[in-house]
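Worksheet: the structure to be examined is printed underneath.
The values are calculated or read from the model by the stated rules, or taken from the named source; none is laboratory data. Just so you know, these numbers come straight off a predicted model, no measurement behind them. Because the Cβ atoms are built from the backbone with ideal geometry, glycine has one as well, and the counts that use them run over all protein chains shown. Note: areas computed on protein heavy atoms with side chains; ligands, DNA, RNA excluded. Shrake-Rupley method; radii C 1.70, N 1.55, O 1.52, S 1.80 Å.
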Amino acid sequence: MVGALVDHLHKTALPGAYVSLIADGEAHRLYSLFGFKATAPLSIGMYLHFR
């Protein structure tokens, strides 16, 4: 499923597009296989959780 999503992004994203994600736990290992890179220390992922 990740592969299909990344393929779609390669086909449709405009030049200069920036795609980000939050990888919980060890999921960063999977996403790195598809070319995603850690943003740190250039940026930090953040969230606001409402319950």
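Considering every residue within the stretch 36-49, establish whether at least one is out of contact with any Asp or Glu (no Cβ under 9 Å at 6 or more places or on another chain) and not in a loop (DSSP other than H, G, I, E, B).
no
Answer yes or no: is there a residue in the stretch 8-15 that is part of a loop (DSSP other than H, G, I, E, B) and among the β-branched types (V, I, T).
no
If L42 satisfies all but one of (1) without any contact (Cβ under 8 Å) to a residue 24 or more places away in the chain; (2) open to solvent by less than 70 Å² (accessible area, probe 1.4 Å), what's the number of the condition it fails?
Failed condition: (2).
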